[in-house]
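What follows is a set of notes on a single structure, which appears directly below.
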Amino acid sequence: MDGIHDLGGKQGHGKVDKGQPSARNFAERWQAAVFTMSNVGPKCGAWTNTDTFRHGVERISPTAYLTHGYYGRWLGGIETLLVEAGVVTQKEITTRALAIGAKENDLIAAQPNKQVATPIKQPAAQGAQRSLNHAPKFDIHTQIRTTNQSVPGHTRLPAYARGKTGTVIKHHGVWVFPDSNAHGEGEQPQHLYTIAFRATDLWDDGEHGVQVSLDLFESYLHAGDYSNDIYQQ
Amino acid sequence: MTDKTDGTGDSHHGHAHHHESSPQAIRAEALESLLIERGLLKASDVDHVIVQYEERVGPMNGAKVVARAWKDPAFKTRLLNDGTKAIQDFKFEGGQTEKLVVVANESNIHNVVVCTLCSCYPWAVLGLPPKWYKDPAYRSRIVREPRKVLAEMGLALPSDTEIKVWDSSAEVRYMVLPEQPAGTENMTESELANRVSRDAMIGVAHA
């Protein structure tokens with residue numbers, strides 16, 4: 001999904017504000033409450049894995065994504081998923097919020113889909129590492145090119161690294177595929193690799209002497225003989 | 001914020017708000033109360049999380065790992081070969097380290113960690129990420145102009161230092177092993193651990 005969350009390489013977000021070095025984990029209690037709410041999904045079936053949860057956050061209002069802060073984003077994702085699963089209604093939340101000081105025109109981060117949602121599947125095992133019988137397709141030091149295709153849902157291939165040439169520097173075994181798992185389409189485990197890119201291969205104005213690495217799933221990657229590639233320079 | 005009343009009355013559920021409560025704070029409280037009524041959450045769960053991440057899960061854990069790697073070359077080798085297994089010795093809690101990769105700075109190589117798509121971070125060794133790590137400015141820029149961003153954050157690197165940016169896009173989590181500062185060779189492991197900063201283990205500062 002080419003969403004607001006896919007921030008890598010975007011321009012115009014200003015300088016990094018480091019704030020107070022002693023700032024606490026949770027500046028306000030509600031932030032800890034939201035952090036704790038991220039555990040209710042499995043109890044009520046609204047989400048059972050990180051991938052669904054993350055995609056819930058990615059689907060919130062883009063304006064809220066940039067202005068509500070990290071725990072505000074999580075709140076939007078949690079509300080989205082709880083409403084889609086029928087655990088609560090937005091009307092209930094809004095009524096309760098208005099009663100304790102919310103304003104009618106407050107921006108609400110959650111954007112739940114009207115049609116509910118994917119059937120929830122329980123994880124096949126703890127964590128996200130799995131096993132597979134077939135060998136990894138790419139060896140270390142192999143050159144690859146990433147797919148240039150955007151996908152409508154959740155993915156772990158950022159837009160800035162689509163259609164780019166890189167090198168396999170590590171194989172991490174087999175992991176649940178977030179792109180399917182986020183949508184209730186099963187774990188479909190795949191080999192996972194660390195791919196290193198030269199910054200100058202990612203951006204025309206990339207800094208020299210910079211390498212950017214991403215952990216990418218096998219189906220994002222194409223084998224890399226690019227002698228006839230139109231992109232070859 | 002949630003336990004105070006401002007004296008202006010009309011509080012439902014025992015709560016009334018100061019004017020400065022953000023809309024998201026109020027909405028979070030509304031949702032929290034609904035989840036409590038449905039038996040999906042207890043207020044005490046929140047208190048436990050606060051204590052856990054204030055007292056037990058934080059960068060003091062990663063600092064112990066770094067200090068041991070500086071004192072014990074065999075541990076350093078194990079840590080760089082398989083970070084997940086090496087930190088099992090410490091029995092940390094806190095999650096987000098199903099797979100931990102530790103990357104070592106060298107005299108001419110500097111590592112820095114980000115998650116551009118989300119805000120992934122190795123909670124078990126570093127605790128919860130600082131606000132700036134989750135903000136759009138850091139997430140958007142550190143992959144594209146790291147030398148400039150690091151300089152702005154107070155870490156000016158020589159122009160011939162190679163920078164490796166680790167954008168945590170799957171479930172692998174990264175931590176930087178900074179170089180041991182000169183003149184600290186005689187310190188004990190716990191003295192060293194006390195001087196390793198969170199920012200050095202993310203890669204936006206020297207140790």
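May I ask for the accessible area buried between chains B and A, both sides summed, probe 1.4 Å, to the nearest 100 Å²?
Using a 1.4 Å probe, the pair buries roughly 7300 Å².
Let me have the relative contact order for chain B, percent, based on Cα pairs under 8 Å that are six or more residues apart.
So the answer I get is 23 percent.
Give the range of the longest stretch in chain A that excludes all trypsin sites (Lys or Arg not before Pro) found in loop regions by DSSP and having at most 13 other beta-carbon atoms within 10 Å.
A:115-233
Percent antiparallel among DSSP beta bridges with both residues in the protein assembly as shown, to the nearest 5?
60
Per the 1.4 Å probe, what fraction of the accessible area of chain B, in percent, lies on carbon and sulfur atoms?
48
Longest segment of chain B with no GluC sites (Glu not before Pro) in a DSSP loop having at most 13 other Cβ atoms within 10 Å?
By the stated rule (loop sites, at most 13 other Cβ atoms within 10 Å), B:94-184.
On average, how many beta carbons from a partner chain sit within 10 Å of the beta carbon of a residue in B:158-170?
Average neighbour count from other chains, rounded to a whole number: 6.
Please say if segment A:129-223 is rounded, prolate or oblate, where rounded means a/c under 1.5 for a ≥ b ≥ c the square roots of the C-alpha gyration tensor eigenvalues, and otherwise the choice is prolate for a/b larger than b/c and oblate otherwise?
Oblate, because a/c is 1.5 or more while a/b does not exceed b/c.
Taking each pair of distinct Cα atoms in segment A:1-120 once, what is the resulting Kirkwood hydrodynamic radius in Å?
15.6
Calculated from DSSP H runs of 4 or more alone, at -39500 (n - 2.57) each and per residue, what is the 222 nm mean residue ellipticity of chain B, nearest 500?
Value at 222 nm, helices only: -10500 deg cm²/dmol.
Beyond 32 Å, what share of the Cα-Cα pairs of chain A is found? Please give it as a whole percent.
Counting pairs separated by more than 32 Å, the tail of P(r) holds 32 percent.
Calculate the spin-label point distance for B:A43 paired with A:T89, positioning each point 7 Å from the Cα along the beta-carbon direction, and give it in nanometres.
2.7
Could you tell me how far the Cα centroid of segment A:1-62 sits from the Cα centroid of segment B:117-157, in Å?
Value for the Cα centre distance between the two parts: 15 Å.
On average, how many beta carbons from a partner chain sit within 10 Å of the beta carbon of a residue in A:165-178?
1
For a quick check of understanding: with a 1.4 angstrom probe and all protein chains in place, what accessible area in square angstrom does B:S44 have, to the nearest ten?
50
If pairing requires two Cys Cβ atoms under 4.7 Å apart, which cysteines of the protein assembly as shown are left without a partner?
Lacking a cysteine Cβ partner under 4.7 Å: A:C44, B:C118.
Using only the heavy atoms of the protein chains and a 1.4 Å probe, how would A:H13, A:H172 rank by accessible area, largest first?
A:H13, A:H172
Counting only trypsin sites (Lys or Arg not before Pro) that sit in a DSSP loop (anything but H, G, I, E, B) with at most 15 other Cβ atoms within 10 Å, what is the longest stretch of chain B containing none of them?
Longest stretch, sites excluded: B:92-194.
Please give every one of the lysines within straight-line cross-link reach of A:K103, meaning a C-alpha to C-alpha distance under 30 Å, and leave out same-chain neighbours fewer than 8 residues apart.
A:K91, A:K114, B:K4, B:K42, B:K131, B:K134
Would you work out if chain B is rounded, prolate or oblate? Take a ≥ b ≥ c from the square roots of the eigenvalues of the alpha-carbon gyration tensor; rounded if a/c is under 1.5, else prolate when a/b is larger than b/c, oblate otherwise.
prolate
Where does segment A:92-162 land on Rg/Rh, using Cα atoms and the Kirkwood Rh?
For segment A:92-162, the value is 1.17.
Roughly how large, in nm² to one decimal, is the mean projection of the convex hull of the alpha-carbon atoms in the protein assembly as shown?
Approximately 22.6 nm², given one-decimal rounding.
Please report, as a whole percent, how much of the solvent-accessible surface of segment A:4-91 comes from carbon and sulfur atoms (probe radius 1.4 Å).
Exposed carbon and sulfur together represent 50 percent of the surface.
Over chain B, with a Gaussian network built from C-alpha contacts below 10 Å, which listed residue (B:G154, B:G58, B:G39) shows the highest mean-square fluctuation?
B:G39
Would segment B:82-169 count as rounded, prolate or oblate if I go by the C-alpha gyration tensor, calling it rounded below 1.5 in a/c and otherwise prolate when a/b exceeds b/c, oblate otherwise?
It comes out oblate by the Cα gyration axes.
Where does chain A land at 222 nm, in deg cm²/dmol rounded to the nearest 500, when only DSSP H runs of n ≥ 4 count, each adding -39500 (n - 2.57), divided by all residues?
Using -39500 (n - 2.57) per qualifying helix, the result is -7000 deg cm²/dmol.
Once the whole set of protein chains is in place, how much accessible area is left on B:V114, using a 1.4 Å probe, in Å² to the nearest 10?
0
With an 8 Å cut-off on Cα pairs and a minimum separation of 6 or more residues, tell me the relative contact order of chain A in percent.
Contact order relative to length: 18 percent.
Put one equal scatterer on each alpha carbon of segment A:51-130, apply the Debye formula with no solvent term, and list log10 I(q)/I(0) at q = 0.16, 0.19, 0.27 1/Å to two decimals.
Here log10 of I(q) over I(0) equals -0.65, -0.86, -1.33.
The values are calculated or read from the model by the stated rules, or taken from the named source; none is laboratory data. Bear in mind the structure is a predicted one, so any value in this text is a computation, not a measurement. With ideal geometry, Cβ positions are generated from the backbone for all residues, glycine too; neighbour counts draw on all protein chains shown. All accessible areas refer to the heavy atoms of the entire protein, side chains included, with ligands and DNA or RNA removed. Shrake-Rupley method; radii C 1.70, N 1.55, O 1.52, S 1.80 Å.
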